[in-house]
Amino acid sequence: MRLVGVEKKHGIRASDTATLVFEDCRVPRENLLGSAVVKKKGASKSGDKGFKGAMATFDASRPIVAAMAVGVGRAALDLVREELGRHGIAPRYEAPAHAQSVIERDFMEMEAELQAARLLTWRAASMMNRGVPNNLEASMAKAKAGLAVTRITQKAVEILGPAGYSKKLLVEKWMRDAKINDIYEGTQQINQLIVARRILDYPSSVLR
Ligand SMILES: Cc1cc2nc3c(=O)[nH]c(=O)nc-3n(C[C@H](O)[C@H](O)[C@H](O)COP(=O)(O)OP(=O)(O)OC[C@H]3O[C@@H](n4cnc5c(N)ncnc54)[C@H](O)[C@@H]3O)c2cc1C
């Protein structure tokens, strides 16, 4: 096994992303996960239990990524609340929409996005814990939470102005860390495709 290089990344720098090369690597048959993929004459694919097994792991890992996104979004929101509070600004939930400031409206929108992502994440994780099929709910949670944390952290940097963009506060780091939640374990677009296929009952050959 050879380490080819370690990526220099935009975010999640505490976690290394590296390219490993396995040359002339023989895997014993008994170590295969699922079954060997053997292309039979005339058939497009066969023996794809390994692939299906790998896809099924997403039902468990997508709620986890969604939970990470919710955690980062919560941290950003808590910081914004704290900083606004230090300047005597608190969102007035009871005020009519036309009387609210832009900051108040932005903050409430961030809260709503986070809460929606959190509830979807809890549902997907709870179904997984109970052994209930959660393929649709896992993709919903991941698509929503990845997008929500990207928007929330960007807005947090914006609301906090120069302090938000500087490295004095952690919020610029959270903004960089947020986007990966919208990318790995299936991008937002792919998870939206899965949701659409499930809801509309279209096969992947039709909706792709
Ligand atoms: C830092 C980092 C760490 C990673 N860690 C892991 C890991 O630990 N394990 C692992 O297995 N993978 C990991 N990945 C890989 C990651 O899961 C993939 O990069 C991601 O799923 C996107 O796949 P892709 O790179 O093939 O993008 P592509 O498929 O090339 O997609 C590029 C863009 O096109 C869009 N797109 C593609 N197809 C469609 C479509 N049909 N409709 C609409 N839009 C579409 C995508 O949404 C995306 O925006 C990691 C990636 C990064 C950046």
Item to check | Accessible surface ranking that places the most exposed of I190, I152, I159 first, with a 1.4 angstrom probe | outcome: I190, I159, I152
Checklist entry - Full extension from Y93 to S204: what is 0.36 nm times the residue separation minus their Cα-Cα distance, to one decimal in nm? => result 35.6 nm
Item to check | Cα-Cα separations in the chain greater than 30 Å, expressed as whole percent | outcome: 40
Checklist entry - Sorted by accessible area (1.4 Å probe), largest first, how do E137, E94 line up? => result E94, E137
Checklist entry - Using a Förster distance of 22 Å, how high is the FRET efficiency between F51 and L119, based on the Cβ-Cβ distance and rounded to 0.05? => result 0.10
Item to check | Surface/4 estimate of mean projected area, convex hull on alpha-carbon atoms of region 118-164, nm² | outcome: 3.4
Checklist entry - For the chain, what is the mean residue ellipticity at 222 nm derived from helices alone (per DSSP H run of n ≥ 4: -39500 (n - 2.57); sum divided by total residues; nearest 500 deg cm²/dmol)? => result -19500 deg cm²/dmol
Item to check | Between helix 49-86 and the chain: long-axis angle, C-alpha atoms, 0 to 90°, nearest 10 | outcome: 10
Item to check | Förster radius 22 Å - calculated FRET efficiency between D78 and V6 (Cβ-Cβ, nearest 0.05) | outcome: 0.10
Checklist entry - Looking at region 105-208, which chymotrypsin sites (Phe, Trp or Tyr not before Pro) are DSSP coil and have at most 15 other C-beta atoms within 10 Å of their C-beta? => result Y184
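The values are calculated or read from the model by the stated rules, or taken from the named source; none is laboratory data. Everything numeric in this text was worked out from a predicted model, so none of it was measured. Every residue, glycine among them, receives a Cβ derived from its backbone with ideal geometry; neighbour counts consider all protein chains shown. Protein only, heavy atoms only, side chains kept; ligands, DNA and RNA dropped before computing areas. Shrake-Rupley method; radii C 1.70, N 1.55, O 1.52, S 1.80 Å.
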